[in-house]
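Down below is the structure, laid out as structure tokens.
The values are calculated or read from the model by the stated rules, or taken from the named source; none is laboratory data. Everything numeric here is computed off the predicted structure, so don't read it as measured data. A quick note on method: Cβ atoms are made from the backbone with ideal geometry, for glycine too, and the neighbour counts reach across all protein chains shown. Surface areas here come from the heavy atoms of the whole protein model, side chains and all, with no ligands, DNA or RNA. Shrake-Rupley method; radii C 1.70, N 1.55, O 1.52, S 1.80 Å.
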Amino acid sequence: LFLYFWWGVRPPPVGCDSGATSADGCAATSPWQGRGPDVEVASVALEMHQLGLVHAGCHTAGTDIDDFESKKCAWRWRFVLLYLVELGRKVAVDDFDIRGAAQRLHASRQHVAAMSGLPYFASRSSVATGVPYLANHNDDFLPQVRHSPVWPRERWPPFAHFLEEHAHIFLQDLLLLVHADEEDELFRTVQEQQTEFTPLPREWGLLDLVRLGNNTAACPYARASCELLKTRPEVNERCYSQERVPNAGVGFARLLPGAEIKPHFATEPRLAVHLGLVTPPGASMTVADQAVTWAAGQAVVFDDTYVHSVRHHGDEPRFVLLAWICHPCDAEWRQGVSGDPASEAALMDEELCGAAPAAQKK
């Protein structure tokens, strides 16, 4: 439902069929540019998500915790929350429907209140706040850790500093790869396999260099980058847990002008790091309620288990090195790394993990 029932189907404006260009007054990429979800389609998807939540028994406090987890109930609750918030935002900003927006946003707060009454969410500080956009999955895995949508530099894990120190190498490999791929085969191929995030597959693509601890088939085209990354326990085979297997990896991510990546969230215990490589103006990301832009050679550390989305209103493609890393405050990962002198430099001061603030209702 979430993957494919979001954008809907809208015909292009009159005169903007295939073959029309920006010179004709048409969008350079897709007719969905800047429009967010289709209200009718997304509303139906929301209703079906709500029915599924009840059908699975996720709505009752009597559901056993093991059953709650096996049925992915936490996901179900947060997908409903995502739809309520984003539909409220959509009808307020684009349709000027204040009444409709208020109804949906009020429903999102009621939804969070219902979550807080379930045993599974009882110890989740992000749920206890009552603020819909503060919901995040890392709070499920690491409830004693202080979570935030975007991490300030003083709390950065060493991996982010490592990326900045070697930004020139990653940029050089990217430019060599792009210039050698004159027919755009590499990014075009991976973009065709990543259809759920943007209205058109061509608008965003991730060329993996490291995935689940292993180098990928793209590494012969970016040897220096892969050599650097394979030593890092945040993304190599040391990023592993018997109970929690984070979807760790690193790759070059391209975002085309006019593209829009819909709101989404990760469900694994991890952090995300973006290193700006080619950063024309116009591209921005929203993580929870915080706005982010990119700069060449600079990193951004954020928690992608919060709802986040991206828009590019500029004229040139944006490229970043995208990394999903083991959460630096995961005690099991920290224990495994601390036993290896070659990897201990990856550990940040445990005090920076902090403690989850005392929950206060708002």
Karplus 3J(HN,Hα) series, Hz, for region 164-169 with 6.51 cos²θ - 1.76 cosθ + 1.60 (x for Gly, Pro)
5, 5, 10, 4, 5, 6
Ignoring ligands, DNA and RNA, what percent of the accessible area of the chain is carbon or sulfur (1.4 Å)?
54
Would you work out the relative contact order for region 171-233, in percent, from Cα pairs under 8 angstrom that are 6 or more residues apart?
28
Which whole-Hz ³J(HN,Hα) couplings does region 303-315 yield from phi under the Karplus relation 6.51 cos²θ - 1.76 cosθ + 1.60, θ = phi - 60°, glycine and proline marked x?
9, 7, 8, 7, 5, 9, 8, 9, 9, 10, 9, x, 10
The chain, Cα convex hull volume normalised per residue, Å³
141
Dipole magnitude of the chain about its Cα centre (Cβ charges: Lys, Arg +1; Asp, Glu -1), debye to nearest 20
1000
For the ranges 106-112, 179-185, what's the packing order if you count other beta-carbon atoms within 10 Å of each residue, average per peptide, and put the highest first?
106-112, 179-185
Within 10 Å, count the other beta carbons around each residue, average over each peptide in 268-280, 247-259, and list them highest first.
247-259, 268-280
Each residue of region 128-142 in turn: what ³J(HN,Hα) in whole Hz from Karplus with 6.51, -1.76, 1.60 and θ = phi - 60°, glycine and Pro shown as x?
5, 5, x, 9, x, 6, 8, 5, 7, 7, 4, 5, 6, 7, 10
P(r) for region 132-178, please, calculated from all Cα pair distances in 5 Å bins and given in %.
5, 16, 17, 16, 14, 11, 12, 8, 2
